[in-house]
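Handing you a structure now.
Values quoted throughout were computed directly from the atomic coordinates according to the rules given, and no laboratory measurement underlies them. Values in this document were obtained by computation on a predicted structure and should not be read as measured data. Cβ coordinates were reconstructed from backbone atoms using ideal geometry, including for glycine residues, and neighbour counts include every protein chain displayed.
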Amino acid sequence: MELKEDMIAKIKGMGNEVRFNMGDVIYREGEKADKVHVIVSGHASIFKKSPGGEDIFVGLAGAGSVIGEMGLFLEGERTATVRASSNVVALAFDADRFLEIISNIPEIAYTMLKEFSKRVHNLNRRIINITNSKLTYVVGIYLLENLQMEESPYYVPEEGTAQLHIKRFSVEYNVESSKIKTVLESLAKPGIIKIENVQSIQEEDKEDVIYTIRLNPNKLRSYLRSIAHV
């Protein structure tokens, strides 16, 4: 979150001015969150720990940036390590003082509300993207496992076909039929697979839809590897 110069001017006398030299750690991931800083000048780098314990750079905070507010509001630990990437001048506020500022200066409260809403929106989009990618991976593996390679000279070498029963797949993997169709269409659009036929049938007194898919297994595997990190 970034505050404009006029907002910083309003709160300048309410906090303690602190200085950090380049390379100093302002916050360390996992430590208790008890302060918020507003950067007046300079830049700070933000890092998150990878599963392997390495620091991964995730962003840069400059003049006007508010850092440390998430940990403070959640009354928990620091969610990232923040290190000064130049000499930094900042205003430090403890929890009570910062909450007082938000209560008394509506512009800052509004700016924070907008930022939090943006973060929630981006998180929701990321969750949706992860969910879609995982379903795409499951569908892709299913097609590869059920692939029948063609030997006919009329077909392109190294291609084959696979059939996917929408209702059957939906029940087996507990996913909505519409989402399966969306995944197949999203794979077909860039040419990862080709939908050769869509057929409605009656199966065990229930209507089902069978998709006949043509694909090159190497091409599909390559695509699945590209999304497997999600």
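Quick one: net charge of Ser41's neighbours, Cβ under 13 Å, K/R +1, D/E -1?
Result for the local shell: 0.
Additional query: Quick one: angle between helix 217-227 and the longest Cα principal axis of the chain, in degrees between 0 and 90, rounded to 10, please.
With rounding to tens, the tilt is 20 degrees.
Distance check, please: which entries in Lys167/Lys206; Lys12/Lys35; Lys189/Lys219; Lys114/Lys134; Lys4/Lys114; Lys49/Lys134 exceed 19 angstrom between their Cα atoms?
Violating the 19 Å limit, Cα to Cα: Lys114/Lys134; Lys49/Lys134.
Related question: Would you mind checking which residues have amide H under 5 Å from His43's amide H? H placed 1.01 Å from N; only 5 or more apart, or other chain.
Hits under the 5 Å cutoff: Ser85, Ser86.
To continue, here is another question. Going through the stretch 1-103, which trypsin sites (Lys or Arg not before Pro) have at most 12 other Cβ atoms within 10 Å and a DSSP loop state?
Lys4
Turning to a different aspect of this structure: Taking the Cα atoms of the chain, report the difference between the largest and smallest coordinate on each principal axis, in whole Å and largest first.
Ordered largest first, the chain gives principal extents of 79, 37, 29 Å.
Then there's this: Where does helix 95-104 land angle-wise versus the long Cα axis of the chain, in degrees 0 to 90, nearest 10?
For 95-104 against the chain, the angle is about 90 degrees.
Next up: What per residue convex hull volume, in Å³, comes out for the stretch 127-227 when only alpha-carbon positions are used?
It comes to 104 Å³ per residue, whole-number rounded.
Given all pairs of different Cα atoms, what value in angstroms does the Kirkwood hydrodynamic radius of the stretch 5-104 take?
On the way: mean 1/r = 0.0730 Å⁻¹.
It is 13.7 Å.
Quick query: amide H of Arg78 versus all other amide H atoms, modeled in the peptide plane; which residues come in under 5 Å with a sequence gap of 5 or more or a different chain?
Excluding prolines and chain starts, which carry no amide H, the hits are Gly30, Glu31, Lys32, Ala33.
What is the magnitude of the charge dipole of the stretch 1-108 about its Cα centre, with +1 placed on the Cβ of each Lys and Arg, -1 on the Cβ of each Asp and Glu, and no other charges, expressed in debye to the nearest 20?
220 debye
List the residues, sorted by chain then number, that are 5 or more residues from Glu2 or on another chain and whose placed amide H is less than 5 Å from its amide H.
Val66
Report the GluC sites (Glu not before Pro) located in the stretch 23-105 that are in a DSSP loop and have at most 10 other Cβ atoms inside 10 Å of their Cβ, or state none.
Taking the stretch 23-105 and a limit of 10 other Cβ atoms within 10 Å, the loop GluC sites (Glu not before Pro) found are Glu54, Glu75.
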